[in-house]
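Each reported figure results from applying straightforward, stated rules to the coordinates on display, with no laboratory input. From a predicted model like this one, the values you see are computed outputs, not experimental measurements. Backbone-built Cβ (ideal geometry, glycine too); neighbour counts: all protein chains shown.
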């Protein structure tokens, strides 16, 4: 039985796409100019404490959206995410963490348990939100937007595992999706991230 579980886990991990997806600049520009296009600012989410948070409060910031889990091989990425947040939080940057239990039940805890885990183990200070679903029939509307080009206008990027990263520019447009294996220290992430920080909001 243990061998079957191990094989299942390895098969799932090997199926994770290591390819990052970058939106075309022409598509980004078109969406920025389309005032009727749905935006990440149209969503209101519930934070880890149960409070409603309109994402419009992050207008003018580069936003990194990450689906997180406490019992995943990628869980140590919390440390580098927190370091990135502390380094750039005063430079129009925010990380939004969304716990999800979609992959091998690797986020089984309650919101309170997740909050304590993040604080005690990684000192997480960036905003964490209530647990949601990031794929499947019960996918949260925010993630339906992030993963579907028909919704966001620029990119199809289904979530392959915990700690997939969606980068949104200062105008609220999705510019890239980074695979769970891509860390915020990888050059493929840093080059695009730093470019977005330099852009003006208006």
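Structure notes:
- Approximate shape of the stretch 47-108 as ellipsoid semi-axes (Cα gyration tensor, √5λ), whole Å, largest first: 23, 16, 8
- Across the stretch 150-174, the residues whose backbone nitrogen lies under 19 Å from the label position 7 Å along the beta-carbon direction of residue 191 are 165-169.
- Estimated purely from DSSP H runs of n ≥ 4, each contributing -39500 (n - 2.57), the mean residue ellipticity at 222 nm for the chain is -10000 deg cm²/dmol once divided by its residues.
- Degrees separating the helix 2-14 axis from the principal Cα axis of the chain, which is the longest one: 10 degrees
- Take the Cα radius of gyration of the stretch 91-202 and divide it by 2.2 N^0.38 Å, N being the number of residues; the result is 1.11.
- Antiparallel bridge percentage (DSSP; both residues within the chain; nearest 5): 60 percent
- Only one item in (1) 56, 50, 27; (2) 55, 33, 31; (3) 52, 38, 29 matches Cα extents along the principal axes in Å derived from the coordinates shown, and that item is (2).
- Peptides 78-88, 122-132, 30-40 ranked from most to least packed by the mean count of surrounding Cβ atoms within 10 Å: 122-132, 78-88, 30-40.
- Its relative contact order, with pairs defined as Cα atoms under 8 Å and 6+ residues apart, puts the chain at 29 percent.
- The stretch 87-136 - convex hull of the alpha-carbon atoms, volume per residue in Å³: 92 Å³
- Stokes-Einstein translational diffusion, the stretch 153-202 - Kirkwood Rh over all Cα pairs, 0.692 mPa s, 37 °C, in µm²/s: 283 µm²/s
- Euclidean distance between Cα centres, the stretch 147-177 to the stretch 83-126, Å: 19 Å
- Approximating the spin labels as points 7 Å out from Cα along Cα→Cβ, the residue 89-to-residue 29 distance works out to 3.6 nm.
- Additional length obtainable on full extension of the chain from residue 44 to residue 198, 0.36 nm per residue less Cα span: 52.8 nm
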